[in-house]
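Student: Mind looking over this structure? Questions follow.
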Amino acid sequence: MEETYLTTKCKPSCYGCKGCELACPKKCINMKSDEEGFWYPEIRQEECINCDLCEKVCPINGRYMKEDFLEEAEIYATYNRDEEKRIISSSGGMFIIYAEHILDQGGVVFGVSFDSSFKVMHKEALTMEGVHEFLGSKYTQSDVGEVYKDVKKYLGEGKKVLFSGTPCQVAALYNYLGKDHENLFTIDLVCHGVFSPKVFNSYLDYVNKKSDNYDIKDIKFRSKLFGWGNYCMHIEYKDGQKYIEKKLEDPFYLLYAYIALRPSCYECTYSKSKREADVSIADYWRVRNHKPHLYDLKGLSLLFNNSKKAQKVFEQTSEKMMYERCTLEEVMQRNLEAPTPKSEMRDEFFESYNKEGFEKTVEKMWDRLIDQFNK
């Protein structure tokens, strides 16, 4: 049975959002991983009825424009007033506030979690216990599964829904739904790019081999063990053993900087200050330049209210936040202006990785990876 890429132009630009797979009424589109570990749509052409729903859902081809978007976003430097919730979050703990708000109204929250094998997956949560699985950054590309369908089902039942994800995933959700919903609230992240799931699995094998332990309990991509700005990789094993490495000493961070990202991330059209979701969240890395009185080691978020709906929810939840208004100029960072640049070493890395494996490739490229990271 012959299978080909959905279109010849699809692969270089494809975000891997899986909207086309879920939209297909004949179920003739499947997502399959390539040699770099990123999934792309393939179609069984003999079953296609040329309905073009896949093209309509695709965030490459167009975007649903929300009617209540603000001309200019309201921007705040902010953090969660609950110290414990702030500490366990990657930055300022804003996501927890919005999740609590939706759950208090009998709603459902969709976010990103690990499965039992530490694959990054989108899941739903109906309780705060479930939401806690979503906390903390997870930099590999998440598999949305059938979450867009689940969102549509809950909205049809009249439930409040919070969906959080990358900007391209939020755009795909709106395209899949075909309209905005009063009960839908979306959050996107100011995204650096998504890491290869295949390379991440190889990284875990490398770390487990060093630790002589394969029974992982938890992974924190952005542990605040040494403070918010000096984050580290923190892997805990079920026997109490730990792997802890700072960003300049860990191969994951060196590869995440510019090398092992999805190809479309280097030309992402969502790396801009005009956002896709009701609310956008980022770290406020330039805080010491513009608002040094807000800086500490516990984490600080940037919050973009992009829609009237976001303004309303902000008014309802702001008592849980410390916040201070900012200008776009004060908070501007690279991925609000342009995509992450592609490393000149990227092709070399993947060629070597697929021939010689992760460990040998990282060892021979280590010094150059350090130099690149420090530029």
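Student: If you go through segment 121-146, how many residues are touching a helix residue (DSSP H, G or I) at 6+ places or on another chain (Cβ under 7 Å), closer than 16 Å to TRP39 by Cβ and outside any loop (DSSP other than H, G, I, E, B)?
Tutor: So the count comes out to 2.
Student: Is there a residue in segment 274-290 that is open to solvent by 10 Å² or more (accessible area, probe 1.4 Å), over 13 Å from GLU330 (Cβ atoms) and basic (Lys, Arg)?
Tutor: Yes, the conditions are met somewhere in segment 274-290.
Student: Same structure again: GLU71 fails exactly one of the following numbered conditions: (1) at pLDDT 95 or above; (2) under 30 Å from HIS290 (Cα atoms); (3) more than 21 Å from the chain's Cα centre (by Cα). What is the number of that condition?
Tutor: That leaves (1) as the condition not met.
Student: Further question on the same structure: Specify the residue that is nearest to LYS56 (Cα to Cα); the eligible residues are those in segment 13-22 that are touching a residue at least 40 places away in the same chain (Cβ under 8 Å) and open to solvent by 20 Å² or more (accessible area, probe 1.4 Å). Reasoning before the result, please.
Tutor: Quick first cut of segment 13-22, residues touching a residue at least 40 places away in the same chain (Cβ under 8 Å) only: 13-19, 22.
Subset that is open to solvent by 20 Å² or more (accessible area, probe 1.4 Å): 13, 15, 18.
Details: SER13: 15, TYR15: 15, LYS18: 13 Å.
Looking at residues that are touching a residue at least 40 places away in the same chain (Cβ under 8 Å) and open to solvent by 20 Å² or more (accessible area, probe 1.4 Å), I get LYS18.
Student: Let me ask you something else. Taking the criterion of being of a type in the set (A, V, I, L, M, F, W, C), surrounded by fewer than 17 Cβ atoms within 10 Å (Cβ to Cβ) and assigned to a helix (DSSP H, G or I), would at least one residue in segment 353-363 satisfy it?
Tutor: So the first thing to find is which residues in segment 353-363 are of a type in the set (A, V, I, L, M, F, W, C), and the list is 358, 362.
Among the residues that remain, those that are also surrounded by fewer than 17 Cβ atoms within 10 Å (Cβ to Cβ) are: none.
No.
Student: Considering only segment 224-244, state which residues are open to solvent by 10 Å² or more (accessible area, probe 1.4 Å), more than 20 Å from GLY357 (Cβ to Cβ) and in contact (Cβ under 8 Å) with a residue 12 or more places away in the chain. Talk me through it step by step, then tell me what you get.
Tutor: In the first step, residues of segment 224-244 are kept if they are open to solvent by 10 Å² or more (accessible area, probe 1.4 Å); the result is 224-226, 229-231, 234, 236, 238-244.
Imposing the further condition that a residue be more than 20 Å from GLY357 (Cβ to Cβ) reduces the set to 224-226, 229-231, 234, 236, 238-242, 244.
Of everything in segment 224-244, those that are open to solvent by 10 Å² or more (accessible area, probe 1.4 Å), more than 20 Å from GLY357 (Cβ to Cβ) and in contact (Cβ under 8 Å) with a residue 12 or more places away in the chain turn out to be LYS224, LEU225, PHE226, GLY229, ASN230, TYR231, HIS234, GLU236, LYS238, ASP239, GLN241, ILE244.
Student: Still on this model: Quick one: which of TYR256, TYR174 is of a type in the set (Phe, Trp, Tyr), outside any loop (DSSP other than H, G, I, E, B), over 30 Å from GLY106 (Cβ atoms) and touching a residue at least 40 places away in the same chain (Cβ under 8 Å)?
Tutor: Working: TYR174 fails: over 30 Å from GLY106 (Cβ atoms).
The conditions single out TYR256.
The values are calculated or read from the model by the stated rules, or taken from the named source; none is laboratory data. Not measured: the values here are computed from a predicted model. We place every Cβ from the backbone using ideal geometry, glycine too, and count neighbours over all the protein chains shown. Please note that ligands, DNA and RNA were not included when accessible areas were found on the heavy atoms of the full protein model with its side chains. Shrake-Rupley method; radii C 1.70, N 1.55, O 1.52, S 1.80 Å.
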